[in-house]
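Undergrad: Before I ask anything, let me first share the structure, which is written out below as structure tokens.
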């Protein structure tokens, strides 16, 4: 409905239904249930599809992945020119010491476990999900989907991480990630009310990660406008969903 209401210009849109990915639910439903999480962000099979992009799109060489809670503010063509230096992935790092989002690996991984202690650097910066650029050719060459599967199963047998599924991404693409300029992706709009206004204005992508989504009453008021200005509040479908300005 969104693309019918908002014609995408010259872009080609291919909408795939959830039934197209039943194979993932079948293969990993038992493993995901073993995580014993009540958060659907981590137990839903769809949350794990990001680790199968190279298989889902076999004809593509590169891809930009967005989470559902982002706003694209400017042209992203420049991402295609980013030099990955033989690595698989590019993303904005989360370790900005001047901000509240200082996150290094030791906060999320269990370094008392010998697997983590021997293979990972506890001080390495993590990177943000939400807007991620992938070289699918290199992904396939290094067979990272199988590496993800191995880590998923290993994490069910021993306490590798302290949080849910985010560390799976960080260790799957460990030493395979190039840091993007901060201006590509501003995150925290769904939980951090202290973000720099200039960083938000100049960011290519805004990410409302956290529980305070801009379409909810609990959304952070000063950030809502970046999302709401794109919404046709008077449209009958939005009215039926009880979404109002």
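Undergrad: When the residues of segment 181-200 are filtered to those that are part of a helix (DSSP H, G or I) and in contact with a helix residue (DSSP H, G or I) (Cβ under 9 Å, 6 or more places away or on another chain), which remaining residue is nearest to residue 127 (Cα to Cα)? Can you show your working first?
TA: First pass over segment 181-200, keeping only residues part of a helix (DSSP H, G or I): 182-184, 197-200.
After this cut, where a residue has to be in contact with a helix residue (DSSP H, G or I) (Cβ under 9 Å, 6 or more places away or on another chain) as well, the list is 182-184, 197, 199-200.
Details: 182: 11, 183: 14, 184: 13, 197: 21, 199: 17, 200: 18 Å.
The selected residue is 182.
Undergrad: Right, something else. Return the pairs, sorted by first residue and then second, in which the second residue is not in a loop (DSSP other than H, G, I, E, B), the first residue lies in segment 67-78 and is within 16 Å of residue 226 (Cα to Cα), the beta carbons are less than 6 Å apart, and the residues are 6+ apart or on different chains.
TA: What qualifies is 70/205; 70/207; 71/206; 71/226; 71/227; 72/205.
Undergrad: Would you please list the contacts, defined by Cβ atoms under 7 Å and residues six or more apart or on different chains, that run from a residue in segment 83-103 that is within 21 Å of residue 204 (Cβ to Cβ) to a residue that is assigned to a loop (DSSP other than H, G, I, E, B) and modelled with pLDDT under 80?
TA: Pairs that qualify, where the first residue is within 21 Å of residue 204 (Cβ to Cβ) and the partner is assigned to a loop (DSSP other than H, G, I, E, B) and modelled with pLDDT under 80, are 94/101; 94/103; 95/102; 95/103; 96/102.
Undergrad: Considering segment 48-65 alone, what residues qualify as being under 19 Å from residue 209 (Cβ atoms) and surrounded by 15 or more Cβ atoms within 10 Å (Cβ to Cβ)?
TA: Filtering segment 48-65 down to residues under 19 Å from residue 209 (Cβ atoms) leaves 48-51, 64-65.
Hits for segment 48-65 are 48, 49, 50, 51, 65.
Undergrad: Also, quick follow-up: Of the conditions (1) out of contact with any helix residue (DSSP H, G or I) (no Cβ under 6 Å at 6 or more places or on another chain); (2) surrounded by 12 or more Cβ atoms within 10 Å (Cβ to Cβ); (3) closer than 24 Å to residue 60 by Cα, residue 175 fails just one. Which one is it?
TA: Result: residue 175 passes all but (2).
Undergrad: Something else about it: Return yes or no: is residue 213 at pLDDT 90 or above, surrounded by 10 or more Cβ atoms within 10 Å (Cβ to Cβ) and in a helix (DSSP H, G or I)? Walk me through it before giving the result.
TA: On the way: at pLDDT 90 or above: yes; surrounded by 10 or more Cβ atoms within 10 Å (Cβ to Cβ): yes; in a helix (DSSP H, G or I): no.
Spelling it out, it is not the case that residue 213 is at pLDDT 90 or above, surrounded by 10 or more Cβ atoms within 10 Å (Cβ to Cβ) and in a helix (DSSP H, G or I).
Undergrad: Restricting attention to segment 219-245, which residues are in a helix (DSSP H, G or I) and modelled with pLDDT of 85 or more? Walk me through it before giving the result.
TA: Initial filter on segment 219-245 (in a helix (DSSP H, G or I)): 221-228, 236-240.
Scanning segment 219-245 gives 221, 222, 223, 224, 225, 226, 227, 228.
Undergrad: Hey, could you check segment 140-167 for residues that are in contact with a strand residue (DSSP E or B) (Cβ under 8 Å, 6 or more places away or on another chain) and either assigned to a helix (DSSP H, G or I) or under 21 Å from residue 68 (Cβ atoms) (or both) and say which is modelled with the lowest pLDDT?
TA: Initial filter on segment 140-167 (in contact with a strand residue (DSSP E or B) (Cβ under 8 Å, 6 or more places away or on another chain)): 155, 160-162, 167.
Pick out the ones that are also either assigned to a helix (DSSP H, G or I) or under 21 Å from residue 68 (Cβ atoms) (or both) and you get 155, 167.
Values: 155: 81, 167: 84.
The extreme case among them is 155.
Undergrad: Just checking, which of 148, 208, 226 is surrounded by 15 or more Cβ atoms within 10 Å (Cβ to Cβ), in contact (Cβ under 8 Å) with a residue 60 or more places away in the chain, under 22 Å from residue 51 (Cβ atoms) and in contact with a helix residue (DSSP H, G or I) (Cβ under 8 Å, 6 or more places away or on another chain)?
TA: Details: 208 fails: under 22 Å from residue 51 (Cβ atoms); 226 fails: under 22 Å from residue 51 (Cβ atoms).
Going through 148, 208, 226 in turn, the sole match is 148.
The values are calculated or read from the model by the stated rules, or taken from the named source; none is laboratory data. All figures in this text were calculated on a predicted structure; none of them were measured in a lab. Neighbour counts run over all protein chains shown; Cβ positions are idealised from the backbone, glycine included.
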